[in-house]
Structures are given as structure tokens and as C-alpha cells.
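> This is the structure I have questions about; it appears just below.
We did not get these values from a lab; they are worked out from the coordinates using the rules stated. Owing to the predicted nature of the structure, the values given are computational and were not obtained by experimental measurement. We place every Cβ from the backbone using ideal geometry, glycine too, and count neighbours over all the protein chains shown.
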Amino acid sequence: MIDQGYFLTNVFLLVVGTILIRGCFIAVSHRVNISPKLRELFTYIPAAIFPALVMPAAFFHHGRVEALAGKERFLILLFMALICYFKRNTLFIIGLGLGLLYLANFLGQA
Amino acid sequence: MEQFKLGFRSIIPIISGIVPFGAVMGSAFAEAKLEFWQAMLMNVTVYAGAAQLATTDLMKLNAAILVVVTTGLIINLRFLLYSAAMSPYLKTASPFIKFICAFTLTDQSYAAMTANVDSFKSNEEATQFYLGTAVSMGLAWHASVIAGFVFGNFAPASLSLDFAIPLSFVALLIPTLKTSKHKAIALLSSILSLLFYSLPMKTGLIVTALISIGAAWALIQPKQGA
């Protein structure tokens, strides 16, 4: 059981800190002129962050398919990244990726 | 309004990735023996899944407040970059809209926004699109957290639905890799994230992001003598 005062203090500090992080640039956006160079840099933010969000979870996951050294998630993710260049449909990518993982697990257990 | 609807719809395909994560979050709240109102208070006000998951776990262990808050805020530091990237679109927005956009800034909403950024004719259209993603994302997230709290982690393990999260980010990332430089930064970030994975307090993510952004900055500088 988490003490209520302890919980509320943590949540309060997390809320204040998170809103400051999320809002600091947005709050002053009308006062700051963003140079074209900086705007160009912003286009790199997805490339800098999204791979770091997903790669460790896929790579360090210990799967069940021994033939793929338990790295079926990592391999399927790489394969789906390639497929994305030809078929840019989010639902298709998720559906096919999950289907391949299900199939890999099924065949790996057989 | 058209852009709002497009934004709302853009999240629907990735809901399959949001729901399992929300269910895990809801069941983690229940396992930590939080009251329903406590879980919802944290979920609505902090509104950052990864940070909530890590800090709930730390609170369960009765970790020092400094450790809990620092861990949560370090995980959330990536929002600083999203905030900077969103700011040009919100230049002329009212303070209320700015607050709503900042408060609802998530990986998924930002990703959906960047994947569609070429289709906006004005900042107003971009803002409307973003608000659509935020409403859609909020509904999916809060509903799945409530369901996870009430029913436990209901997603069948055999379906591996948690894998929909990385898949959805891949699907949203690829359209933003428009040049070979963008692809190089994505590759660098992938490699660095694996190298820095074991850094404490999940700082690997932000270290990777900062180094990758630094590399991007170096890449976009004009070549000497050019």
C-alpha cells in the first residue's frame, strides 16, 4: 500500500515537471523566431528518438523461436521497416507484423 | 474541422499498440494497490505511460521522492524536443490551445503529426490535426488504462499485442526519413540506443536522442569551402 501523502507529493512534482518540459517551448513560441536551420533540425527529431524508443525493446526481448536465436521481434521489426518503404499503411504494417510474429511463435513451438 | 477529423482518424490504426500498453499500465496501478481515483489522478495529470509505469514501480518499493521524480522526468525529457518541434505551428495559437497541446503531447500524437506534416497548408491546419490526434489518443489511452485497472491485463499473451507499439512507431517513422541524412540519423539512433540501453534510470533514451540530434546538427551545417 502506497502512503497517500507520499503518492500525492510524487504525482504533484511529476505533473509540474512534465508540464514544464512539455510546455516550455510551446509557451514562448510567439516570442521566439525559429530560424530555418533550427526548423530543419526539428525534422530530425523523429529519426533521433523513435528508433531509440523501439529498438532496445525489440533487440533485448528474449523470444521463443530458437532457430532465430530468440530475436524474432527484432528481425520482424527490421523486415517491417523495409516493407514500410513500399506500403505506407500503418494498419497494414501493424497487422502484418503481428501476424508474422504469431506465425514465428507458432512455427517455433511446433 | 476536416484536419481535426484527419488527425483523429490517424491514431485509429495505432490503437492496437496503445491498448495493450494502457492495459499494462492499468493493471500496474491495481497491483500497486492504488485506489481508482489515485490511478486516474496520476493517469490524467501526468499522462505519460512510460514514466508512470517506472514511477509506480518505484513508489511501490517506497523509493525516495527525489529518485521517483527524477526518474519520471528523465524519461519525459524527450517531450522537450517534441515541444520545440511543435512550437512553430503554435506560434499564433491562443494560450488555452497552447496549454492543451502541451498537456496532451505524447509520442504517438507527435509521431502522427510529423508523418503528415507535408499535408498542412497553414499552422491552423497543423494545430487542428494535432488536436484531433490528441483527443483520439486520450480516449484510447484512458479507456484502456481503466479497463486494465478493472479487468487486469486482458490482452492475451499469445497474440503479443505489445509488439504493436514498436510496429506503430516504425510505420510512423519511415515517412519522416525523407533524405539519406535522416536515414543515417535513424541508424545512428538505433545503434546508440542498444549501446546505451543499460544506463541507469533509463537515461539511455535521452543520451541517444541528444547525441543523435547533435549529429544531425553537424550534418546540416554547410560544408566548408562550399
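> Let me have the 222 nm mean residue ellipticity of chain A computed from DSSP H runs of 4+ only, each contributing -39500 (n - 2.57), with the sum over all residues rounded to the nearest 500.
Only helices count here, giving -24000 deg cm²/dmol.
> Please list, or write none, the aspartates and glutamates whose alpha carbon is within less than 13 Å of the alpha carbon of residue B:60, excluding same-chain residues fewer than 8 places away.
A:3, B:31
> Evaluate 2.2 N^0.38 Å with N set to the residue count of the protein assembly as shown, then give the Cα radius of gyration divided by it. Working shown, then result.
Numbers: Rg = 19.6 Å, N = 336, 2.2 N^0.38 = 20.1 Å.
Relative to the 2.2 N^0.38 Å estimate, the protein assembly as shown comes out at 0.98.
> Per residue of chain B, what 222 nm ellipticity follows from adding -39500 (n - 2.57) for every DSSP H run with n ≥ 4, rounded to the nearest 500? Kindly include the intermediate steps, with their values, before the conclusion.
Working: 12 runs with 161 residues, N = 226.
My calculation for chain B gives -22500 deg cm²/dmol from helical runs alone.
> Something else now. Take B:118, B:57, B:107 and order them by how many other Cβ atoms sit within 10 Å, fewest up front. Mind showing how you got there, number by number?
Working: B:118 9, B:57 15, B:107 22.
Exposure proxy ranking, most exposed first: B:118, B:57, B:107.
> Then there is this: For each pair in A:71/B:5; A:37/A:87; B:121/B:223; B:91/B:202; B:121/B:181, compute the distance between the two Cα atoms and list the pairs where it is over 28 Å.
Values: A:71/B:5 38 Å; A:37/A:87 31 Å; B:121/B:223 32 Å; B:91/B:202 32 Å; B:121/B:181 25 Å.
Check vs 28 Å cut-off fails for A:71/B:5; A:37/A:87; B:121/B:223; B:91/B:202.
> Okay, moving on. Name the residue from A:38, A:21, A:56 whose Cα lies farthest towards the positive end of the charge dipole of chain A, charges +1 on Cβ of Lys and Arg and -1 on Cβ of Asp and Glu.
With unit charges placed on the Cβ atoms, the residue in question is A:38.
> Where in chain A are the helices, taken as whole DSSP H runs, whose Cα atoms extend 20 angstrom or more along the long axis and whose Kyte-Doolittle mean reaches at least 0.0? Don't jump to the answer; show the numbers that get you there.
Working: long enough: A:4-27 (33 Å, 1.61); A:45-59 (21 Å, 1.91); A:90-109 (29 Å, 1.62).
Both cut-offs are met by A:4-27, A:45-59, A:90-109.
> Under the 0.36 nm per residue contour assumption, what length would be gained going from the current alpha-carbon distance of residue B:180 and residue B:65 to full extension?
37.0 nm
> Moving on. Using r as the Cβ-Cβ distance of residue B:158 and residue B:118, and R0 as 30 Å, what FRET efficiency do you calculate, to the nearest 0.05?
The value I calculate is 0.15.
> Residues in the stretch B:27-65 near a label at residue B:198, defined as backbone nitrogen under 12 Å from the 7 Å Cα→Cβ point?
none
> By count of other Cβ within 10 Å, fewest leading, how are B:110, A:85 ordered?
Final ranking by Cβ density, sparse to dense: A:85, B:110.
> Could you list A:62, B:182, B:142 in order of exposure, starting from the residue whose Cβ has the fewest other Cβ atoms within 10 Å? Before the final figure, lay out the partial values.
Values: A:62 8, B:182 19, B:142 16.
Lowest count first: A:62, B:142, B:182.
> Hey, another quick one. With charges set only on the Cβ (+1 for Lys and Arg, -1 for Asp and Glu), what does the dipole of chain B come to about its Cα centre, in debye to the nearest 20? Don't jump to the answer; show the numbers that get you there.
Details: 13 positive and 9 negative charges, 113 e Å.
Dipole magnitude for chain B comes out near 540 debye.
> Which three extents, in whole angstrom, do the alpha-carbon atoms of chain B cover along their principal axes, largest first?
Principal extents (Cα only, largest first): 63, 44, 39 Å.
> Mind checking the full-extension length gain between residue A:33 and residue A:66? Use 0.36 nm per residue of separation minus the Cα-Cα distance, one decimal, nm.
Numbers: separation 33, 0.36 × 33 = 11.88 nm, distance 5.44 nm.
Gain on extension, residue A:33 to residue A:66, equals 6.4 nm.
> Over the Cα atoms, compute the radius of gyration (one decimal) and Dmax (the largest Cα-Cα distance, rounded to a whole number) for chain A, in Å.
21.0, 62
> Could you give each residue of the stretch B:98-104 its phi-based ³J(HN,Hα) in whole Hz, using Karplus coefficients 6.51, -1.76, 1.60 with θ = phi - 60°, and x for Gly or Pro?
Along the stretch B:98-104, the couplings run 4, 4, 4, 5, 5, 5, 9 Hz.
> Follow-up. Please state the charge dipole magnitude for the protein assembly as shown, taken about the Cα centre, from unit charges on C-beta atoms (+1 on K and R, -1 on D and E), reported in debye and rounded to the nearest 20.
Values: 22 positive and 13 negative charges, 184 e Å.
So the magnitude is around 880 debye.
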